[in-house]
1. Given A:Cys152, A:Cys185, which one is touching a His at 6+ places or on another chain (Cβ under 6 Å) and over 23 Å from A:Ile273 (Cα atoms)?
2. Just need a number here: residues in the stretch B:9-36 that are touching a residue at least 40 places away in the same chain (Cβ under 8 Å) and charged (D, E, K, R).
3. On the basis of being at pLDDT 85 or above, under 30 Å from A:Leu199 (Cβ atoms) and not in a loop (DSSP other than H, G, I, E, B), does A:Leu83 make the cut?
4. Would you tally the residues in the stretch A:242-275 being within 14 Å of chain B (Cβ to nearest Cβ) and among the β-branched types (Val, Ile, Thr)?
5. Quick one: in the stretch A:133-187, of everything that is in contact with a helix residue (DSSP H, G or I) (Cβ under 7 Å, 6 or more places away or on another chain), in a loop (DSSP other than H, G, I, E, B) and within 14 Å of chain B (Cβ to nearest Cβ), which residue is surrounded by the most Cβ atoms within 10 Å (Cβ to Cβ)?
6. Among what's in the stretch A:235-287 and is outside any loop (DSSP other than H, G, I, E, B) and of a type in the set (Asp, Glu), pick the residue that is modelled with the lowest pLDDT.
7. Whether any residue in the stretch A:204-222 is touching a residue at least 40 places away in the same chain (Cβ under 8 Å), in a loop (DSSP other than H, G, I, E, B) and either away from chain B (no Cβ under 12 Å) or over 26 Å from B:Tyr80 (Cβ atoms) (or both) is what I want to check.
8. Which members of the stretch A:188-203 meet the condition of being in a loop (DSSP other than H, G, I, E, B) and either under 22 Å from A:Asp238 (Cβ atoms) or within 11 Å of another protein chain (Cβ to nearest Cβ) (or both)?
Amino acid sequence: MSQPATTAARALVSKNLPKATRQQCLRFFSTASRNATTKRPTAAPCPSKPRQPLTQQRRTFKTVEEAKSRYRSGPFSLKAGLLFVATGAGLMYYFEHEKERMQRKRIADATKGVGKPKVGGPFELIDQNGNKVTQEDLKGRYSLVYFGFTHCPDICPEELDKMARMFDLVEEKRPGVLAPVFVTCDPARDGPEELKEYLNEFHPKFIGLTGTYDQIKAMCKAYRVYFSTPTNVAPGQDYLVDHSIYFYLMDPDGDFVEALGRQHSPEQAAKIIVDHMKEWQKPIRTA
Amino acid sequence: MVWPLSSSPEEKRATEIRSGAVAPTRAERQKCWESRDLYFACLDKNSIIDALKDEKAAAKACGAESKGFERDCATQWVTYFKKWRVQDIQKKARLAELEAQGANKLDVNTDFAPRT
């Protein structure tokens, strides 16, 4: 409704109608009715504190210099900055650490398998002293399994030297927890005596395993090791064996944990092994 | 190649190693590797890659080194190392080519030198 119309109506109403009715009509016409003075009864208002001024209360400074310095640097100070950096660095370190831990756990869990382990399993072989060794003898400790042969030209001796270094590094941190195992892929030529002579040059604690061709074949199959002995070899003729070159880290349950390869230095590999050992919850046997 | 039979135990042992009857010890392996490195250095100098394919050129240029190599290593090892050399050179060339194309380098080591 437009303004002149309202004023005219109001004048008309105030002249001709009794007071109560007049008011009702006014309400009808006017927007004033919305802020009617009659209110529903309410609880008495709480005595409130005097309202804070809108501007923040200023800190008082002891000296002008202090005030000036505060004005220049704003709310930042050296202490606050250091605290911020330290907190950030701490958080970063924690998250990185946790990430690495989760990564290791994931690798260990992923290879754990639900039913039968994917790598490793039962075997029956003899060591360099002619004693029978089965998977049960290795259980309770971590074991590092490597496959090779004594006539190997370059890689196996190099890798065995690396394994010896790795083993020593792990021994320093966790003595007796790791069993270093060497399995031959060439049982025709590597008997216990050959193994003993060969492994003594690398590390006196290495366990060398050999057996019949079928036992070795089963062992290699269980560890998913590829090996190929040439088939058309005349007795006494020389040959080389082609085989996979990984170190297999097995946990105290005899389950496969991780494969360590040529890309790892002995120090890196030893660190990986020790880190896995730290996360092992169940008891560990030591030699 | 026929090796003269000799009664000396060193010569007997060397013959056994060459034929693959026994596995070499650490010292014997080391000796073989040294002779191999000498031979390969000579091949490098004469830019011969495949000693099996360019047998005549290799024999002419590195006859003395070749003799030492064959004396100190098992016959199977000699062939293996010669083949390995070809593959390793090809691999390195391929890697260099890939790197030139901007490929990312992975940490792979094919050298004989032990890593520390």
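1. A:Cys185
2. At the first step, the residues of the stretch B:9-36 found to be touching a residue at least 40 places away in the same chain (Cβ under 8 Å) are B:14, B:17-20, B:24, B:28, B:31-33, B:36.
If we keep only those that are charged (D, E, K, R) as well, we get B:18, B:28, B:31, B:36.
Of the residues in the stretch B:9-36, 4 are touching a residue at least 40 places away in the same chain (Cβ under 8 Å) and charged (D, E, K, R).
3. On the way: at pLDDT 85 or above: yes; under 30 Å from A:Leu199 (Cβ atoms): no; not in a loop (DSSP other than H, G, I, E, B): yes.
No: the conditions fail for A:Leu83.
4. 1
5. A:Phe149
6. Here is the first cut: in the stretch A:235-287, the residues outside any loop (DSSP other than H, G, I, E, B) are A:242-243, A:247-250, A:256-260, A:266-278.
Add one more test, that the residue is of a type in the set (Asp, Glu), and what stays is A:242, A:258, A:267, A:275.
Values: A:Asp242: 75, A:Glu258: 87, A:Glu267: 91, A:Asp275: 92.
Within the stretch A:235-287, the match that is modelled with the lowest pLDDT is A:Asp242.
7. Step one: filter the stretch A:204-222 for residues touching a residue at least 40 places away in the same chain (Cβ under 8 Å), giving A:206-211, A:215-216, A:218-220, A:222.
Okay, now just the ones that are also in a loop (DSSP other than H, G, I, E, B), so A:206, A:211.
Now restrict to residues that are either away from chain B (no Cβ under 12 Å) or over 26 Å from B:Tyr80 (Cβ atoms) (or both): A:206, A:211.
Checked against the condition, which is being touching a residue at least 40 places away in the same chain (Cβ under 8 Å), in a loop (DSSP other than H, G, I, E, B) and either away from chain B (no Cβ under 12 Å) or over 26 Å from B:Tyr80 (Cβ atoms) (or both), the stretch A:204-222 yields at least one hit.
8. Across the stretch A:188-203, the qualifying residues are A:Ala188, A:Arg189, A:Asp190, A:Gly191, A:Glu201, A:Phe202.
The values are calculated or read from the model by the stated rules, or taken from the named source; none is laboratory data. Because the structure is predicted, anything quoted here is derived from the model rather than measured. Please note: Cβ atoms are built from the backbone with ideal geometry, for glycine as well, and neighbour counts cover all protein chains shown.
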